[in-house]
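What follows is a short report on a single structure.
Read-outs throughout are calculated quantities, based only on the coordinates presented, and are distinct from any laboratory measurement. As the structure is a prediction and not an experimental result, all values here were calculated from the model.
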């Protein structure tokens with residue numbers, strides 16, 4: 001009997017984690033379409049009883065905070081999995097972009113709340129910002145960025161491109177990442193100047 005108790009506990013924990021994830025994913029879909037949606041609408045989309053949602057999340061605000069926390073963890077994992085400190089800069093730039101776009105497209109509502117959610121989310125975003133600074137410095141050293149380009153300016157342009165690309169939600173993250181990195185590195189102009 002003692003051997004089945006830990007197994008049963010793990011199974012129950014796994015079921016609870018699946019239920020929470022199902023609710024979070026449904027909440028993302030529903031709130032992306034209607035930010036004023038009720039907990040009952042979210043429960044219906046998740047295929048669970050309203051009481052199940054309330055048992056897991058005390059309030060709508062608690063649910064949104066959990067979504068933001070979930071998305072923030074996915075965001076950090078997306079950057080980590082690209083190994084931006086050790087992968088060649090151009091490869092890392094592409095992989096970080098593709099991974100981050102997947103999270104931002106799939107968790108757009110939650111990501112829009114993540115920066116203001118709590119100190120942990122702000123800390124994660126600040127850490128990722130510092131890693132991006134280092135990646136852009138490595139890219140400049142490797143000749144991926146021109147010698148006369150300010151890496152901080154390039155980083156700001158990169159963030160804007162990611163934001164706009166994620167808002168469009170019009171394609172595969174790998175294709176979008178390739179287009180975004182190409183636009184960042186080669187631009188959209190012909191090279192003509194005002195002189």
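Observations
- Relative contact order (%) - criterion: Cα under 8 Å, at least six apart; region: segment 26-152: 24
- With Cα atoms, 0 to 90° folded angle of helix 89-106 axis to the chain main axis: 40
- Fully extending the segment from residue 123 to residue 80, taken as 0.36 nm per residue of separation minus the present Cα-Cα distance, adds 14.0 nm.
- Taking each DSSP H run with n ≥ 4 as -39500 (n - 2.57) and averaging over every residue of the chain yields -25500 deg cm²/dmol at 222 nm.
- Compared with the dominant principal axis of the Cα atoms in the chain, helix 151-168 is inclined by about 50°.
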